[in-house]
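Below: one structure, written as structure tokens.
Just so it is clear, none of the values below were taken in a lab; they were calculated from the coordinates. As the structure is a computational prediction, the values presented were derived from the model and not from experiment. With ideal geometry, Cβ positions are generated from the backbone for all residues, glycine too; neighbour counts draw on all protein chains shown.
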Amino acid sequence: MVKQNLEDIRRRIISACDRAGRSPEEITLLAVAKGRLLEEIKEVINLGISDIGENRLQEALLKCEGLRMRGGGGRTRWHMIGHLQTNKVKLAVRIFDLIQSVDSPRLGQAVSKEALKINKQQDILLEIKTSPEESKFGLKLEDAPAVFQEISRLPNLKIKGLMTIAPFAENPETSRPYFRMLRELSEKIDWRPETGGRRPILSMGMSNDFEVAIEEGSTMVRLGRAIFSRQ
Ligand SMILES: *Cc1c(COP(=O)(O)O)cnc(C)c1O
């Protein structure tokens, strides 16, 4: 089932890229592992997925240690996509390759401090609240440029791009304006010092709306149900 789902998703990513005149190589497919079993995670890794997203620290810890104990997951990159509390940052910096949910200067400072302690260069994304009514977390659009400046000055941390969660809707077109807002924000930022001239990551699009997200410039789609559920 997962194998078929992945084949179907990859086909849909290619079609969306065709429509948008983009290359499928620009898109990273992140498997969202919340609530899934270790066996399911191993299966997607064996099917070529190299990026795994988790919402909860404790779950991520169990899974990446579980995989390592079985000698697997060596090349897997772990992404924190859920809300991160400042008092959990120490552990998060030890586990995650990319923390996608940094949404305040205070959290940025905490990440920088812990990364400095273990001499790690921590990659992060800024989480942006593109729809004020819907999501609890994320930076306001209008605050984002100033917070970007502030966080980018911190040591041992690089802002690799932006992340947003569009409000859930049956009709994927509903998400389009939020994705567009994120892309437009990214175009206002000078990324060179952070990404070394590479294009920033735009982490947007979930099972219900990833094709629209790709049409609007997403470089990373975060899929849970589309990968793991019976369709
Ligand atoms: C759960 C979750 C996803 C995946 O959602 P699906 O609808 O299952 O694809 C993506 N991003 C975040 C932040 C999530 O919490």
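Couple of notes before you dig in:
- Count of region 106-153 residues which are assigned to a loop (DSSP other than H, G, I, E, B) and acidic (Asp, Glu): 2
- Out of 159, 99, one residue alone is within 16 Å of the ligand (Cβ to nearest atom) and buried (at least 21 other Cβ atoms within 10 Å of the Cβ). It is 99.
- Lone qualifier among 225, 183, 230, 192 - being buried (at least 17 other Cβ atoms within 10 Å of the Cβ) and either more than 16 Å from the ligand (Cβ to nearest atom) or closer than 30 Å to residue 6 by Cα (or both): 183
- Under the condition of being part of a helix (DSSP H, G or I), within 20 Å of residue 138 (Cβ to Cβ) and either within 16 Å of the ligand (Cβ to nearest atom) or free of Cβ contacts under 8 Å to residues at least 24 places away in the same chain (or both), the residues counted in region 61-87 number 1.
- As a summary of the residue check, residue 193 satisfies the conditions (1) more than 25 Å from residue 20 (Cα to Cα); (2) without any contact (Cβ under 8 Å) to a residue 24 or more places away in the chain; (3) out of contact with any strand residue (DSSP E or B) (no Cβ under 8 Å at 6 or more places or on another chain) except for the one numbered (2).
- Any hit, region 143-152, residues being of a type in the set (Ser, Thr, Tyr) and touching an Asp or Glu at 6+ places or on another chain (Cβ under 8 Å): yes
- Boolean, residue 45 is among the β-branched types (Val, Ile, Thr), within 15 Å of the ligand (Cβ to nearest atom), in a helix (DSSP H, G or I) and more than 14 Å from residue 222 (Cβ to Cβ): no
- Answer from 124, 128, 151, 118 - the residue that is aliphatic (A, V, I, L, M) and surrounded by fewer than 21 Cβ atoms within 10 Å (Cβ to Cβ): 118
- Residues being within 21 Å of residue 211 (Cβ to Cβ) and without any contact (Cβ under 8 Å) to a residue 12 or more places away in the chain - total across region 150-173: 1
- From the list 7, 25, the lone residue that is under 18 Å from the mean Cα position of the chain (by Cα) and more than 16 Å from the ligand (Cβ to nearest atom) is 25.
- The single condition from (1) within 11 Å of the ligand (Cβ to nearest atom); (2) touching a strand residue (DSSP E or B) at 6+ places or on another chain (Cβ under 9 Å); (3) not small (Gly, Ala, Ser) that residue 208 fails is (2).
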